[in-house]
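**Student:** First the structure, then my questions, so here it is.
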Amino acid sequence: MRSATNKTKQFLIGSAKLLVAIAAVYSLYAELSDPTRHDWRAFFTTLGDHFDPKLVVVILLLAFTNRFLEVLKWQNLVRVIDRISIGASTRQVLAGMAFGIVTPAGIGEYAGKAFFFPAESRKKIVFLNLLCNGIQMVLSVLFGVFGLLYFNTLSPVLSAKVIVATAGVTLTVALALLLTRKLTIKGWSIERLLHKINRIPRDIHRRNVLFAIGRYLSFSHQQYLLLLLFGAHSDYLPTLAVIAGVYLLASCLPTFQLLDFAVKGSLSVFFFEQIGVDGIPVLFAATSMWLLNVVIPVVIGSYFVIRLRVAK
């Protein structure tokens, strides 16, 4: 009887893994083949008109660096629980992406990584994944705020009243969090969360921040070079300011990772047009970012999902 139960459980787990992998790959295929969203003939024509082999090589290296730094970041954080190889960290990161692409705001990523670890460690894995993504969010906010402020000096989109009001709301929220740090909800409080963070060795935190900064610089410069590859002409600092602002605004909007490029593409077109950059190369650059940083990793991650042996 117990053997039959185990076989049923294995069948259900195997079916669920296959379903996730199929859903991830099919959702990408459906998006890529949608003619209303992608004009691939124009995409490749524009790419051919401005093709630069040196730029392509650097862009590909930055795409690899972006994902590899994420792998190193995750390997570094998991040291709190266990020492894993770069290969194991790669499988967990890419499988997590495959889980995340079919769920709102990528929340499936947390479960995807947790399945690689024993049941008693999964809450810690979810917490470590929050730290992994949290530091990237903090950097997006910091760089994004400075980027938007600098952009606003070049092309005033936000009035002084809006900027002051936003700063006021931010300070109010920060003060509210400070005053309610001991407020407990279902056993959790900000103070307890900070205590758990402080229990992690400082060298791990230090490397986490450094890897996160490296990732931010990698994907922001990757997008900058893609704009050049597709024929956009814009000065370095204004371009990085727009990229930083767009990533901040896009991260504030809850959406499926599958549609993340569409949100960033639309915001990028709006902001870049304010500084005289045509929207076509901006959209093609956003599409390329999606192909290199989401589509390829998710396809590889779907294979790791199928091969995943859920830890007991």
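**Student:** On the basis of being exposed (fewer than 15 other Cβ atoms within 10 Å of the Cβ), modelled with pLDDT of 90 or more and over 18 Å from Met137 (Cβ atoms), does Tyr224 make the cut? So that I can check it myself, show each step before the final result.
**Tutor:** Working: exposed (fewer than 15 other Cβ atoms within 10 Å of the Cβ): no; modelled with pLDDT of 90 or more: yes; over 18 Å from Met137 (Cβ atoms): yes.
The answer is no for Tyr224.
**Student:** Follow-up. Report the residue count in segment 187-219 for those that are free of Cβ contacts under 8 Å to residues at least 40 places away in the same chain and small (Gly, Ala, Ser).
**Tutor:** 2
**Student:** Taking only segment 57-80 into account, find how many residues are exposed (fewer than 15 other Cβ atoms within 10 Å of the Cβ) and over 22 Å from the mean Cα position of the chain (by Cα).
**Tutor:** Adding up the residues that qualify gives 1.
Residues checked against (1) more than 21 Å from the chain's Cα centre (by Cα); (2) more than 28 Å from Lys54 (Cα to Cα); (3) modelled with pLDDT of 70 or more:
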position: Ala176; (1), (2), (3): yes, yes, no
position: Lys196; (1), (2), (3): yes, yes, yes
position: Ser220; (1), (2), (3): no, no, yes
position: Leu237; (1), (2), (3): yes, no, yes
position: Gly279; (1), (2), (3): yes, no, yes
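**Student:** Determine which member of the set Ser89, Ser85, Ser27 is surrounded by 15 or more Cβ atoms within 10 Å (Cβ to Cβ) and at pLDDT 85 or above.
**Tutor:** Details: Ser85 fails: surrounded by 15 or more Cβ atoms within 10 Å (Cβ to Cβ); Ser27 fails: at pLDDT 85 or above.
Sole residue among the options that is surrounded by 15 or more Cβ atoms within 10 Å (Cβ to Cβ) and at pLDDT 85 or above: Ser89.
**Student:** So, in segment 92-148, of the ones that are farther than 22 Å from Leu193 by Cβ and polar (S, T, N, Q), which residue ends up surrounded by the most Cβ atoms within 10 Å (Cβ to Cβ)?
**Tutor:** Within segment 92-148, the match that is surrounded by the most Cβ atoms within 10 Å (Cβ to Cβ) is Gln92.
**Student:** Still on this structure, please answer the following. Determine whether Val126 is part of a helix (DSSP H, G or I) and at pLDDT below 75.
**Tutor:** Numbers: part of a helix (DSSP H, G or I): yes; at pLDDT below 75: no.
The answer is no for Val126.
The values are calculated or read from the model by the stated rules, or taken from the named source; none is laboratory data. Being a predicted model, the structure only gives us computed values, none of them experimental. All Cβ positions, even for glycine, are placed from backbone atoms using ideal geometry, and neighbour counts span all protein chains on display.
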